[in-house]
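The values are calculated or read from the model by the stated rules, or taken from the named source; none is laboratory data. As the structure is a prediction and not an experimental result, all values here were calculated from the model. As a convention, Cβ positions derive from the backbone with ideal geometry for all residues, glycine included, and neighbour counts pool all protein chains shown. Quick note on the areas: whole protein, heavy atoms, side chains included, nothing else; ligands and nucleic acids left out. Shrake-Rupley method; radii C 1.70, N 1.55, O 1.52, S 1.80 Å.
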Amino acid sequence: MNDQHPAEGGSGEGELRALQRRLADFAAARHWQPYHTPKNLVAALSVEASELVEIFQWLTPEESVQVMDRPGTAARVEDEVADVLAYLLQFCEVLGIDAAAALAAKIERNEKRFPVPDRDAAGSPGRHSPE
């Protein structure tokens, strides 16, 4: 088992790049590049993210946690997650963004911005909140 995080150079980064390349090849074979502008891709990303939200819109918090227990709904969630990721990767491809490196940098900034709270004597998290 690989304990290395994908964004830190594990096999996930190469897999992500391979999927990005596969999406670019898929679009090129169909001559879709003229339509894959940053504006169009980010709009499509927003639409697909909204379709994912729609699945959860009227669920209770408890129902939302169990959504993958229902095969039909689980398949819809997986399809929408795939669509969101596909458009995000295509958006990154067009703009030359290394998605894994961008995520790793963002996590690092957040780790500095939101340090692990100190624990009191009883072991409970302190009452510090992000500013």
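Odds and ends about this structure:
- Some residue of segment 54-76 being in contact with a Ser or Thr (Cβ under 8 Å, 6 or more places away or on another chain), assigned to a helix (DSSP H, G or I) and either open to solvent by 80 Å² or more (accessible area, probe 1.4 Å) or aromatic (Phe, Trp, Tyr) (or both): yes
- Qualifying residue in segment 11-20 (condition: in a loop (DSSP other than H, G, I, E, B) and either touching a strand residue (DSSP E or B) at 6+ places or on another chain (Cβ under 6 Å) or surrounded by 11 or more Cβ atoms within 10 Å (Cβ to Cβ) (or both)): no
- Within segment 1-25, residues that are modelled with pLDDT of 90 or more have Cβ atoms under 6 Å from residues that are charged (D, E, K, R) in these pairs: 20/93; 24/93, counting only partners at least 6 apart in sequence or on another chain.
- For segment 78-99, the candidate set comprises residues that are within 13 Å of the chain's Cα centre (by Cα) and β-branched (Val, Ile, Thr); within that set, the residue that is surrounded by the fewest Cβ atoms within 10 Å (Cβ to Cβ) is 81.
- The lone exception for residue 61 - which of (1) modelled with pLDDT of 95 or more; (2) in contact with a Pro (Cβ under 8 Å, 6 or more places away or on another chain); (3) farther than 20 Å from residue 12 by Cβ it fails: (2)
- Take the conditions (1) open to solvent by 90 Å² or more (accessible area, probe 1.4 Å); (2) in a helix (DSSP H, G or I); (3) without any contact (Cβ under 8 Å) to a residue 12 or more places away in the chain; residue 31 misses just one of them, which is (2).
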